[in-house]
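The next block holds one structure in the form of structure tokens; read it before the comments.
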Amino acid sequence: MERQGQRQQFGADGWIAVERHGFVAELVMDRPKAMNAVSTAMADSLAQACAELAADRSVRAVVLSSTHERAFCVGADLKERNSFTDADLMRQRPHTRAAYTGVLDLPVPTIAAVHGFALGGGFELALACDLIVADGTAEVGLPEVSVGVIPGGGGTQLLPRRVGAARAAELVFTARRVRADEAAELGLVDRLVANGQDRAEALELAAGIARHSPVGLRAAKRAMRLGHGLDLRAGLELEDGAWRSVAFSGDRAEGVAAFNEKRDPEWPGE
């Protein structure tokens with residue numbers, strides 16, 4: 001699929017860009033010489049792009065993608081970190097946390113389009129999304145313990161929520177890489193597609209999602225994210241609050257009217 005539409009670049013180096021496809025925003029990692037390794041500058045750019053997308057009420061879904069042919073993202077920029085003092089590493093931490101939580105906190109449905117290497121922080125960026133579409137070249141994993149650290153971009157929390165505690169423990173403790181077929185079997189990715197089709201499939205999925213009520217999508221995501229880990233009764237109370245936030249919205253009125261009039265809805269988004 002060719003890249004089309006308006007492209008907004010973030011940061012002096014332009015390693016992060018946003019492309020618009022109607023109501024879908026594509027968040028593009030474009031640092032080809034480093035296989036999208038997350039440096040301090042790239043983390044800042046990613047956090048800025050996410051903040052702008054989160055504030056844009058016209059966005060109904062986001063796809064996180066890569067321009068590199070052989071990698072989604074290889075994780076932290078270890079060449080940069082090799083030059084760090086301990087103080088430098090501590091100063092960088094808020095920058096990297098802002099990038100990962102920026103993706104995690106996007107208020108609309110998010111889909112990662114993964115091919116090639118998605119390792120360490122790269123896989124954590126995918127885990128921060130609601131859904132992961134991967135092609136047959138994908139290779140995912142959290143190898144941080146093999147270099148003396150832990151998955152610190154959300155991996156120790158997001159992976160158990162996706163595949164369960166014991167399976168996550170095996171993957172984190174062994175630091176092993178998982179190829180596409182096994183990743184699909186284990187639930188590390190949600191859709192496995194033909195080689196080279198991850199981005200096209202993710203954008204098509206996002207476009208289908210974006211046809212629905214933006215108010216409903218945001219409320220449903222909020223209820224599922226905040227309700228995870230609560231006991232059932234507390235979760236149902238949270239769901240009731242989310243329902244009340246949409247039940248009297250313009251989107252709800254338009255959705256009912258469009259259904260009865262047998263036409264496509266024109267969502268007011270409020």
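Observations on the structure shown:
- The chain: relative contact order as a whole-number percent, Cα under 8 Å and 6+ apart: 15
- Dipole magnitude for the chain: about 240 debye, using +1 per Lys or Arg Cβ and -1 per Asp or Glu Cβ, origin at the Cα centre.
- Loop chymotrypsin sites (Phe, Trp or Tyr not before Pro), the range 227-270 (other Cβ atoms within 10 Å of the site Cβ: 15 or fewer; DSSP): F248
- Net charge over other residues, Cβ less than 14 angstrom from the Cβ of A257 (K, R count +1; D, E count -1): -2
- Taking F72, F117 and ordering them by how much accessible surface each has at a 1.4 Å probe, largest first, produces F117, F72.
- Relative to the longest principal axis of the Cα atoms of the chain, the long axis of helix 86-104 lies at roughly 30 degrees.
- Value at 222 nm in deg cm²/dmol, rounded to 500, when DSSP H runs of n ≥ 4 in the chain each add -39,500 (n - 2.57): -14500 deg cm²/dmol
- Nearest-10 value in Å² for the accessible area of R81, using the 1.4 Å probe: 80
- Beta bridges by DSSP in the chain, antiparallel share as percent, to the nearest 5: 35
- Taking Lys and Arg as +1 and Asp and Glu as -1, the other residues whose beta-carbon sits under 10 Å from that of T137 total -2.
- Most to least packed among 36-43, 120-127, 249-256 [average Cβ atoms within 10 Å]: 120-127, 36-43, 249-256
- Neighbour net charge for L188 - beta-carbon separation under 15 angstrom, K R +1, D E -1: -3
- Taking all protein chains into account, the per residue accessible area for the range 1-110 stands at 50 Å² (1.4 Å probe).
The values are calculated or read from the model by the stated rules, or taken from the named source; none is laboratory data. Since the structure is predicted, the reported quantities are computational estimates derived from the model, not experimental observations. Ideal geometry is used to build each Cβ from the backbone, glycine not excepted, and the neighbour counts take in all protein chains shown. Heads up: the accessible areas ignore ligands, DNA and RNA and are worked out on the full protein's heavy atoms, side chains in. Shrake-Rupley method; radii C 1.70, N 1.55, O 1.52, S 1.80 Å.
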